[in-house]
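The structure appears below as structure tokens.
The values are calculated or read from the model by the stated rules, or taken from the named source; none is laboratory data. No experiment lies behind these values; they were computed from the predicted model shown. All Cβ positions, even for glycine, are placed from backbone atoms using ideal geometry, and neighbour counts span all protein chains on display. Protein only, heavy atoms only, side chains kept; ligands, DNA and RNA dropped before computing areas. Shrake-Rupley method; radii C 1.70, N 1.55, O 1.52, S 1.80 Å.
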Protein chains: 2
Amino acid sequence: MPASIRDVASHAGVSLGTVSNAINRPEVLAPGTLRRVQKSIDELGFIPNASARKLRAGRTRVVGLMVPDISNPFFTDLAKGVSEAALAGGYVVILCNTDESAEKEQQYLDVLTAQNVEGILVTPARDSIRALARVAEKGIRLVLVDRTSQGLAACSVAFNDLYGGALAIDHLYENGHRKVILLTGSENIPQVAERNRGLREAMNKFPTHDQVELSEIRIDSMTTFASYEAVKLRLESSFDFTGIICGNDLIALGAIRALREKNISIPGDVSVVGYDDIDFAKNAWVPLTSISQPAFELGYAAAELIISECESPERHVHQKIEFQPRLIVRESTGPVALKASKLMIS
Amino acid sequence: MPASIRDVASHAGVSLGTVSNAINRPEVLAPGTLRRVQKSIDELGFIPNASARKLRAGRTRVVGLMVPDISNPFFTDLAKGVSEAALAGGYVVILCNTDESAEKEQQYLDVLTAQNVEGILVTPARDSIRALARVAEKGIRLVLVDRTSQGLAACSVAFNDLYGGALAIDHLYENGHRKVILLTGSENIPQVAERNRGLREAMNKFPTHDQVELSEIRIDSMTTFASYEAVKLRLESSFDFTGIICGNDLIALGAIRALREKNISIPGDVSVVGYDDIDFAKNAWVPLTSISQPAFELGYAAAELIISECESPERHVHQKIEFQPRLIVRESTGPVALKASKLMIS
DNA sequence: TCTCAGGATTGAACCGTTTTAATCTTGTGC
DNA sequence: GCACAAGATTAAAACGGTTCAATCCTGAGA
């Protein structure tokens, strides 16, 4: 039903090859011919069939994006960045939400190769390196997002999680906090592990006579609600800390809620640091101090990387782009207060 | 580089057509042959090339999803529902974030037709009906999401916004609120207009001697921050209301923040009703009473609809699926209090 | 043993592009 | 007026599948 290149050719009174040239290499055509063909294209509303195009030229101009959880605003922003960069480059992105399931990830990998995507932007779950390697063998280019390329010949864009972890603890340390709780996610998630490592390494730099006492609560699902429950439970035993460092902002929001229910003031009694700096953090009841990771930019950069690799593979060389996280100080943190010290005695 | 159907054929010692049959109509093959071909397929890791497939058979198994703002958790959930249903049906979804820009919408529409998607799930911006009609002519099936099909021959899934609006005002009315503020988005957005209409129609049913006094504040961008600013400004003039109805939850969160900064208690002094029941609403500092719209289910239903249309177009008949919103009462609303009445006098 | 029906398999055309080699025009210099 | 180069255009092959008409088997019935 839609107009084909043949329709355009006969409408313009030229051969089919000429129309193709008009589209892909306009400079080889005589100006008059080009104009005539253009006119026919417009009149017929011709849009080249991408499947046929791909079949012949091996180019689909489609990339896949695989994220573990699109409901997390961090990944939402990332996706926005990716699709904006893609659109600008004439590409299109297939969204794959893996729900952190290795099975879904494999399923999507198959679908994406069947669709002949030119590249995949992926935040890999635990250990899908092998599956990814198999995909790479098929000639599909990879960019690892928010994760560095472990032995995989691929580009990567990531944040310096080591540094981010340090940023959080340093901030609390400078404000006098010496008893801190770490609300972390599972260390199976590489980013989480890295941040925690960075945090501990930073602690080693504090003078031995003035150390921070750190205790850890693991929150497996990294959601607001799970965090709320965990902190509520923790507060029932004893309240002996002045700072909380959270694995992400959702966790921080849950913690804040639990604290306020107990009438614990923020930052009067307890300072809270989040991670990701999602939009909701900024507008939370107590605006949240957080580690900002510009997800949109990360996504944009990742998409640009893969597009440039697709456009000129010969002169492409794999690269690692690292973004530095930044500490955004808002009202949820402050200097440790006398009042808090008193509370700690109880 | 990847194995083609020919490779499989020679590997299995059969003709190319037989391999195709093994994939698409296994029942016509002799069991032994089928097994042999299957084995070759597995060994070579053959995945049929979707482009070639489409070219001949006219099927891409790709659908597009166009949403105005993927950062809004409502649309995020929707997208999740869509892609889950798609995956289950062997389809794949291309995500298009239009940022409410008609230009981007057109751009994406072109890309999607070039990609030969079989269908598009779209939440149309203002008046893109004409552009959509043009797409439909090309044989691309449409499902309107969260919007009914105005004269367009297409399926639609939507919420009963009229009812949702009524739900909100009725709830406040029953709790004794008679002075209410409506924090609405632009009425150019059809859903917003519908909700407001439903709200007003419900008000007409109240006895004439006991009416609600409604004043309206328009918040153009429907974000938390915009709402926060608007409400803060409003509170500076006079505080003479006991209830607030919000165009969505983001707006409600902003309003709550502004109220609390003024030490206005919720729901003691003012009750707040949101719309959408996003996840953050439930875990907000004051858990938010909201109108629940199961976005995930909506997306899932929409995707199923379009897939079934694609699979058997002949016996398909366009349908309208309407979901009923539900009122979820949480702590942000309550009966109007004496204290509040007193305040109103000032 | 021969015929024939029916299922299993094959071969070739075709989908809508890109691309390359071949052909057709022009215009220039002698 | 002719040969030839350069530029413009075209024809045909190829991409990797699907599909359908044609062919090949096999076994049953005569």
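General observations
- Phi angles across the range A:198-205 convert, under the Karplus curve 6.51 cos²θ - 1.76 cosθ + 1.60 with θ = phi - 60°, into 3J(HN,Hα) values of x, 5, 5, 4, 5, 5, 5, 7 Hz, Gly and Pro given as x.
- Residue by residue along A:89-100, Cβ atoms of other protein chains within 10 Å of the local Cβ number 5 on average.
- Orientation-averaged projected area, Cα convex hull of the range B:132-178 (nm²): 4.0 nm²
- Annotation for residue B:110, label-to-label distances across the other copies: 3.7 nm (shortest first, one decimal, point 7 Å from Cα along Cα→Cβ).
- When the pairs A:179/A:262; A:179/A:232; A:80/B:80; B:205/B:232 are compared against a 23 Å limit on Cα-Cα distance, B:205/B:232 fall above it.
- With the helix formula -39500 (n - 2.57) applied to DSSP H stretches of n ≥ 4, chain B reaches a computed 222 nm mean residue ellipticity of -14500 deg cm²/dmol.
- Distances from residue B:4 to itself in the other copies, using label points 7 Å out along the Cα-Cβ axis, amount to 2.0 nm in increasing order.
- Once the Cα atoms are used to define both axes, helix A:249-261 deviates from the longest principal axis of chain A by about 30 degrees.
- Seen from residue A:22, the other residues with C-beta closer than 15 Å to its C-beta sum to a net charge of +2, counting Lys and Arg as +1 and Asp and Glu as -1.
- Net charge over other residues, Cβ less than 9 angstrom from the Cβ of residue B:122 (K, R count +1; D, E count -1): 0
- Semi-axis lengths, Å, the range B:5-48, gyration tensor of Cα atoms, sqrt of 5 times eigenvalues: 14, 10, 10
- Applying 1/(1 + (r/R0)^6) with R0 = 41 Å to the Cβ-Cβ distance of residue A:205 and residue A:225 gives a FRET efficiency near 0.70.
- Phi to ³J(HN,Hα) by Karplus 6.51 cos²θ - 1.76 cosθ + 1.60 over the range A:156-171, Hz, x for Gly, Pro: 8, 10, 7, 9, 7, 5, 4, 5, x, x, 5, 3, 5, 5, 4, 4
- Helix A:295-311 vs. chain A, principal-axis angle (Cα, 0 to 90°, nearest 10): 30 degrees
- Alpha-carbon centroids, the range B:277-298 and the range B:57-89: separation in whole Å: 21 Å
- The range B:98-172 versus the range A:184-263: alpha-carbon centroid distance in Å: 43 Å
- Solvent-accessible area buried by B and A, counting both chains, probe 1.4 angstrom, square angstrom: 4700 Å²
- Each Lys or Arg adds one and each Asp or Glu takes one away; over the other residues whose Cβ falls under 11 Å from the Cβ of residue A:246, this sums to -1.
- Ratio Rg/Rh [Cα only; Rh per Kirkwood] for the range A:160-307: 0.98
- Its Kirkwood hydrodynamic radius, worked out from the mean inverse distance over all distinct Cα pairs, puts the range B:7-106 at 16.4 Å.
- Spread over its residues, the convex hull of the C-alpha atoms of the range A:196-261 is 91 Å³ per residue.
- A quarter of the convex hull surface defined by the alpha-carbon atoms of chain A gives 21.6 nm² as the mean projection.
- Segment residue B:59-residue B:4, extension gain: residue separation times 0.36 nm, minus the distance between their alpha carbons: 17.9 nm
- Taking packing as the residue-averaged number of other Cβ atoms within 10 angstrom, the listed peptides A:72-79, B:243-250, A:35-42 run from highest to lowest as B:243-250, A:72-79, A:35-42.
- Plainly put, the tip 7 Å out from Cα toward Cβ on residue B:52 is 1.8 nm from that tip on each other copy, the closest given first.
- In sequence order, calculated HN-Hα J values of the range B:285-290 (Karplus, 6.51, -1.76, 1.60; Hz; x Gly/Pro): 4, 9, x, 8, 6, 8
- The label point for residue A:320 and the one for residue B:44, both projected 7 Å from the Cα toward the Cβ, are 3.9 nm apart.
- Computed over the protein assembly as shown, the P(r) curve from all C-alpha pair distances, binned at 10 Å from the origin, holds 3, 14, 21, 23, 19, 12, 6, 2, 0, 0 percent per bin.
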